[in-house]
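Step one of this worksheet: look at the structure below.
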Protein chains: 4
Amino acid sequence: MEPTKAFFMNDYGEGAHPLVMQRLMQTNMEHTCGYGLDAYSLRAQELIRERCGQKQAHVHMMTGGTSANIIALSAFMRPFEAAICAPGGHINTHETGALEGMGHKILPCEAREGKVTPEGVRAVCAAHADEHVVKPRLLYISQATEVGTVYSLSELKALREVCDACGLLLFVDGARLGSALVSRGCDMTLRDLAALADCFYIGGTKNGLLFGEALVIVNPALQPGFRHMIKHGGGMMAKGRLCGVMFLAAFEHDDYFAWARHANEMADILREGMESGGIAFYQKTQTNQVFPILTRAQEEALARAFAFEHWADLPDGRCAIRLVTSWATTPEDARRLADALKEMGNEQT
Amino acid sequence: MEPTKAFFMNDYGEGAHPLVMQRLMQTNMEHTCGYGLDAYSLRAQELIRERCGQKQAHVHMMTGGTSANIIALSAFMRPFEAAICAPGGHINTHETGALEGMGHKILPCEAREGKVTPEGVRAVCAAHADEHVVKPRLLYISQATEVGTVYSLSELKALREVCDACGLLLFVDGARLGSALVSRGCDMTLRDLAALADCFYIGGTKNGLLFGEALVIVNPALQPGFRHMIKHGGGMMAKGRLCGVMFLAAFEHDDYFAWARHANEMADILREGMESGGIAFYQKTQTNQVFPILTRAQEEALARAFAFEHWADLPDGRCAIRLVTSWATTPEDARRLADALKEMGNEQT
Amino acid sequence: MEPTKAFFMNDYGEGAHPLVMQRLMQTNMEHTCGYGLDAYSLRAQELIRERCGQKQAHVHMMTGGTSANIIALSAFMRPFEAAICAPGGHINTHETGALEGMGHKILPCEAREGKVTPEGVRAVCAAHADEHVVKPRLLYISQATEVGTVYSLSELKALREVCDACGLLLFVDGARLGSALVSRGCDMTLRDLAALADCFYIGGTKNGLLFGEALVIVNPALQPGFRHMIKHGGGMMAKGRLCGVMFLAAFEHDDYFAWARHANEMADILREGMESGGIAFYQKTQTNQVFPILTRAQEEALARAFAFEHWADLPDGRCAIRLVTSWATTPEDARRLADALKEMGNEQT
Amino acid sequence: MEPTKAFFMNDYGEGAHPLVMQRLMQTNMEHTCGYGLDAYSLRAQELIRERCGQKQAHVHMMTGGTSANIIALSAFMRPFEAAICAPGGHINTHETGALEGMGHKILPCEAREGKVTPEGVRAVCAAHADEHVVKPRLLYISQATEVGTVYSLSELKALREVCDACGLLLFVDGARLGSALVSRGCDMTLRDLAALADCFYIGGTKNGLLFGEALVIVNPALQPGFRHMIKHGGGMMAKGRLCGVMFLAAFEHDDYFAWARHANEMADILREGMESGGIAFYQKTQTNQVFPILTRAQEEALARAFAFEHWADLPDGRCAIRLVTSWATTPEDARRLADALKEMGNEQT
């Protein structure tokens, strides 16, 4: 609503990618049955299974990330079981206690650059050994992480190993999975991820859809009863076909990855601007989030022309801001912002 | 997709009303902030407050009926408090134990034609008087009811009185509120309802929107903390503006009621066909659901050209079916179905 | 506190049987480890396993009936799963929504004389077939029932069969198990019960202990993690040995059954008094609860010398009262009450 | 069961103080009504109100600490509200996720020597300001703390102030309240505590009773419906009078404090032994828990004659052990242990 400012506030500030809207329009007056049992949903599920290389996986369309997290995690754990995650894990810090609302404790563990470490997981498990404490049952990670970093394939394999050793399920929050998988730093494919995780989801909300996350349950032991869980958790849409139509649009020609690649490229422009101006990164990232460190005066100046989020106050009086790009970011806006950052960097030095 | 059959299966079998889609398209590339704090959502909330004649009410956009029911009811009750409803109340029979999942018992009470009676409510309260049983705290009703009937203004006032006498909140599930308020049998306005209920919602999913229910919290004591509850319950959408845009489309020129009126008129055509053919009603209704009694052979014959739901088996070997109309039902389809019913009625006699 | 009235109010109106108190005194100053891992608890568990003929069963000492019910049932069910029980089942009517508080719906089913019927169970299962409704997972029955009746061995076998056919666990609330097993009408042993149930408990509170129910988990699939569940549910006592000592006292010479037999014999005296006077039974029973029908004037007269509970108002103006006997009831009190009832019966005719 | 070892393992290793057992024996065969509505319970509640100087307080007898914590805290908070506590707070670390099981997140905050700091509380509140995070609602502290330290009156007042400023309730876990209030370091009376807390409990299990904690709800806004909560939470005992009789025994002549004073004096003997031998304290304490630092060899040697708990491994290869005294500790055992410690201290230097 402030049309004059270029938008770097987040990756869910618009509606859907025009292709998605076009498909919704095309199918709008068709009659289908409800609750995700329609032909569009079934085809989208089939397509996603193929892309994941997991023919036997179950795919469910969820309305949003928090809903996906709490319905899945509470389906997979017994009442006294707990989820391990990074201190800044979304379930731990930004879901208003939703998982605790389902009855489960969250155990924060050591993380570096937003990424959980195998030693951290082991330490938490070692500290939870008798019946007076919760029993760790599931490792929750985000790919990309909440701070824009990406697990490498070897890092993910190491977590899979520690999960196997400790009797943990591996769950991957993929709200920004597209951006992670196509990032320069990433040596992992969707198939790799699907082969290593017990369950994960492919985020639609932050990559071109109106809403929706495609939850992929790879581990057969976790599949039974999940549609009951969705309804029980208030997450089943009457017009379930919407997600079907939208995910079909995103995956039938792999536009999903193209959109994410665009977002990352726009972020690359910002990173290049920062680097050439010598602006420090609060957190180095490879995805569609960029965290420059600015002086307060620079933050204010930048805010006149660009919409973004204040992220953190630094001890030296400066601050970090968060810039987010998306499928909708224009190269013009990105370049304009990169130039502004470069100039500010030159001021700083 | 069986395109050749006319669709009377339910009122959520299509996407959204074309006007709603048009508004979504028009605003699609605009940037807004998330989580329902954007200008569209704020304007939609203001408009709904006006239409309800309740300037101080809080309006929240919910993603669906079950989600609205469980988040609201669990916000309003303490752990040992229970909701009273009709035996066939949606929370009791078709939400996979979602409200119990939030920790609350449901107490079924006497109902006639799907409508809770004041005596029924009183009897339940009288039977729950000490600390060894749950404490009734809220009366849940649906307008229209699950079987298509409508509370009159005097019936609603009588329930309000019994709620006041028994210390109960009055909550109205309005998944089909449009159809109820414009039905021939209804002598109640939206303002009347808003003046009598502590909280209710205006259903969008079943009357022209892609999804969404506008929850109106009239009672100020129930308003604090509700956005926390929505997030905690997994019901807060990143792109909250979608509901804002859609409800604005529905209410700025009161199309919401026009769409519902159309649905009822299509149902009237069916009812007239039945009556002129002498087909019995399993349940008399005034809204967009119609329940004819057919022989099994007739049901099968009808199913060749029309999509509908089998509803109940009768002791005499016949059955009831459910026909649902909506904003999307065409007069041609309705007349064709009415004619078929009329003919079948003539066969029966 | 009204010492002049003979006590027939309930079977938990005193402390513990003197033998139990003696054992608590004898062991009082011994040091043991906590939380039910002491030698007394282990021996009591072993003894109960033997008496049940189930060497591999797990036995846990619970603090009370409601606590045992909700911890066990929530350990055994997934969030969308429900328990079936008689309409008057304790979990449904007298636990203040405790099981719903753990997230589970209760599905009442047809019962005769307080006893669930196989057809009733089948009907409930048949009505809960898709993901829009809860999934029945467990049949909860009480032996003796809440109204003092007793399942026969063939009745229990029939329920076991329907449970197997419908995929249900069979759980037996044994708050009054002693009285049931030694009742004249009962053709079932503790071993029979243990062979048929997936889980049940042996009630101590109502048969001679200060408190405590010995939960026997026969089905190995239900055993893992249960001590976690007890702690998680707030049901683990620091001085867990108390239950160990008390159940040892009750079972090492089978006094448990002797105490229950005494209670039943005292009830027999009341039943004989009623029969010889011609007083009608509100509900025929074989255990330690007796339900005479009296006039209001008779109820008042009786209440001057005896403590008991008013049970139900009858349409004809009369009422039913509840008389409960226990290990602590004296033959003198029982005979005095039987005489009074006999006399009242003669008045009625 | 290892009778030759002197017992310093914990303060719940025996039954009850002989005076308590005597009262249970004396009243054992009396008939009373159930569920804590008997005359003993009422008198105990009245007596506790008096001792607290809070005539209007509500007093409820709870079966144990975890049960008291989760029933009270879930009664006082809405679903999205959270409790703040020390990282080592009992609810956070030793209750198997019981409070999360009731749906509430726990927010650890800065603590020094086990004691929550006002700045820590403020910082947590400042970090939880919008609807995407839980809302802090209650500060949970333990007096004495889990590591044996004691809040001074001024420290408690400072926490009360920060609670008032931040809209928090103040809840005090008093599992070891007796030991705290009579400790040398403590300048606070029971009345002081009662005047500052919204709710707290007086622990019986760890100070002479078989079990039981007397929960005192001072804040009138928190009182309604609490008996419903107890039953709902599985914490209501049929023979509620047991707690009444036991708390009467403990408080009618203030033996409760005498027992705690004895426990502290026994701990003083241990502390003196350590100090005179120069043994370091892992944590300085003023109550009935003592934490010496020993070499591994010393720990092993000590374990041959004394029962205690290994507490922590230190980086330098040594370890901390935990010694706990109680009403049941004999001066002989304490002196023998003190001598052993003194000697070990001399070895160390």
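Among the residues of the range D:188-195, is any modelled with pLDDT under 95 and more than 15 Å from the chain's Cα centre (by Cα)? No, the range D:188-195 contains no residue that is modelled with pLDDT under 95 and more than 15 Å from the chain's Cα centre (by Cα). The number of residues in the range D:104-138 being closer than 13 Å to D:Ala82 by Cα, touching an Asp or Glu at 6+ places or on another chain (Cβ under 8 Å) and away from every other protein chain (no Cβ under 12 Å) comes to 1. Within the range C:330-349, the set of residues being loosely packed, with under 14 Cβ neighbours inside 10 Å, assigned to a helix (DSSP H, G or I) and touching a Gly at 6+ places or on another chain (Cβ under 6 Å) comprises C:Asn346 only.
When you check B:Ala83 against the structure, is it on the phi < 0 side of the Ramachandran plot, within 14 Å of another protein chain (Cβ to nearest Cβ), assigned to a strand (DSSP E or B) and open to solvent by less than 10 Å² (accessible area, probe 1.4 Å), yes or no? Please lay out each step first, then the result.
Values: on the phi < 0 side of the Ramachandran plot: yes; within 14 Å of another protein chain (Cβ to nearest Cβ): yes; assigned to a strand (DSSP E or B): yes; open to solvent by less than 10 Å² (accessible area, probe 1.4 Å): yes.
Taking the combined requirement at face value, the residue satisfies it.
Residues are listed down the side, and each one gets a yes or a no for (1) in contact (Cβ under 8 Å) with a residue 60 or more places away in the chain; (2) more than 25 Å from B:Ser67 (Cα to Cα); (3) within 14 Å of another protein chain (Cβ to nearest Cβ); (4) within 21 Å of the chain's Cα centre (by Cα):
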| position | (1), (2), (3), (4) |
| --- | --- |
| B:Ala221 | no, no, yes, no |
| B:Ala238 | yes, no, yes, no |
| B:Leu242 | yes, no, yes, yes |
| B:Phe247 | yes, no, no, yes |
| B:Phe257 | yes, no, no, yes |
| B:Arg261 | yes, yes, no, yes |
| B:Asn264 | yes, yes, no, yes |
| B:Ser276 | yes, yes, no, no |
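Scanning the range C:175-189 for residues that are crowded, with 24+ Cβ neighbours inside 10 Å and either touching a Lys or Arg at 6+ places or on another chain (Cβ under 7 Å) or closer than 21 Å to C:Leu42 by Cα (or both) turns up C:Ala175, C:Arg176. Answer yes or no: is there a residue in the range D:147-166 that is at pLDDT 95 or above and within 14 Å of another protein chain (Cβ to nearest Cβ). There is no residue in the range D:147-166 that is at pLDDT 95 or above and within 14 Å of another protein chain (Cβ to nearest Cβ).
Just to be sure I understand, how many residues within the range C:118-132 are charged (D, E, K, R) and closer than 13 Å to C:Leu168 by Cα? Full working, then the answer.
Taking the range C:118-132 and keeping what is charged (D, E, K, R), we get C:119, C:122, C:130-131.
Filter again for closer than 13 Å to C:Leu168 by Cα, leaving C:122.
Of the residues in the range C:118-132, 1 are charged (D, E, K, R) and closer than 13 Å to C:Leu168 by Cα.
For the range A:19-50, the set of residues classified as in a helix (DSSP H, G or I), open to solvent by less than 70 Å² (accessible area, probe 1.4 Å) and either more than 19 Å from A:Phe251 (Cα to Cα) or within 7 Å of chain B (Cβ to nearest Cβ) (or both) consists of A:Met21, A:Leu24, A:Thr27, A:Ala39, listed by residue number.
Sort out which residues of the range B:5-18 are touching a residue at least 60 places away in the same chain (Cβ under 8 Å) and open to solvent by 30 Å² or more (accessible area, probe 1.4 Å), and write them in order of number. Step through it out loud before you land on a result.
Residues of the range B:5-18 touching a residue at least 60 places away in the same chain (Cβ under 8 Å): B:5-17.
Within the range B:5-18, B:Lys5, B:Met9, B:His17 qualify.
On the given criteria, is C:Ala16 in contact with a Lys or Arg (Cβ under 9 Å, 6 or more places away or on another chain) and within 7 Å of another protein chain (Cβ to nearest Cβ)? Judged against the criteria, C:Ala16 is a match. Put simply, of A:Trp311, A:Trp327 the only residue that is buried (at least 21 other Cβ atoms within 10 Å of the Cβ) and out of contact with any Asp or Glu (no Cβ under 6 Å at 6 or more places or on another chain) is A:Trp327.
With respect to (1) within 14 Å of another protein chain (Cβ to nearest Cβ); (2) in contact with a Phe, Trp or Tyr (Cβ under 9 Å, 6 or more places away or on another chain); (3) touching a residue at least 60 places away in the same chain (Cβ under 8 Å), the lone exception for C:Gly234 is condition (2).
Just to check your reading of the model, which residue among D:Thr4, D:Thr66 is facing chain C (nearest Cβ under 7 Å) and among the hydroxyl-bearing types (Ser, Thr, Tyr)?
On the way: D:Thr4 fails: facing chain C (nearest Cβ under 7 Å).
That would be D:Thr66, the only listed residue that is facing chain C (nearest Cβ under 7 Å) and among the hydroxyl-bearing types (Ser, Thr, Tyr).
In the set (1) away from chain D (no Cβ under 14 Å); (2) in a loop (DSSP other than H, G, I, E, B); (3) open to solvent by less than 40 Å² (accessible area, probe 1.4 Å), the condition left unmet by B:Ile141 is number (2).
Would you confirm, using the coordinates I've provided, whether A:Leu159 is in contact with a Cys (Cβ under 7 Å, 6 or more places away or on another chain) and either in a strand (DSSP E or B) or closer than 25 Å to C:Gly225 by Cβ (or both)? Steps first, answer last, please.
Working: in contact with a Cys (Cβ under 7 Å, 6 or more places away or on another chain): no; either in a strand (DSSP E or B) or closer than 25 Å to C:Gly225 by Cβ (or both): yes.
No: the conditions fail for A:Leu159.
Any idea which of A:Glu100, A:Glu95 is under 17 Å from the mean Cα position of the chain (by Cα), within 14 Å of chain B (Cβ to nearest Cβ) and either part of a loop (DSSP other than H, G, I, E, B) or buried (at least 21 other Cβ atoms within 10 Å of the Cβ) (or both)? Walk me through how you get there before you give the answer.
Working: A:Glu100 fails: under 17 Å from the mean Cα position of the chain (by Cα).
After applying the criteria, what remains is A:Glu95.
Looking at the range A:69-80, which of the residues that are of a type outside the set (S, T, N, Q) and within 14 Å of chain B (Cβ to nearest Cβ) is surrounded by the fewest Cβ atoms within 10 Å (Cβ to Cβ)? Checked the range A:69-80; the qualifying residue surrounded by the fewest Cβ atoms within 10 Å (Cβ to Cβ) is A:Ala75. The requirement of being touching a residue at least 60 places away in the same chain (Cβ under 8 Å) and touching a Gly at 6+ places or on another chain (Cβ under 6 Å) is fulfilled nowhere in the range D:156-172; no residue meets it. Summed over the range B:317-347, the residues that are out of contact with any strand residue (DSSP E or B) (no Cβ under 9 Å at 6 or more places or on another chain) and farther than 21 Å from B:Met266 by Cβ give a count of 3.
The values are calculated or read from the model by the stated rules, or taken from the named source; none is laboratory data. Computed from a prediction, not measured in an experiment: that's the story for all the values here. We place every Cβ from the backbone using ideal geometry, glycine too, and count neighbours over all the protein chains shown. Quick note on the areas: whole protein, heavy atoms, side chains included, nothing else; ligands and nucleic acids left out. Shrake-Rupley method; radii C 1.70, N 1.55, O 1.52, S 1.80 Å.
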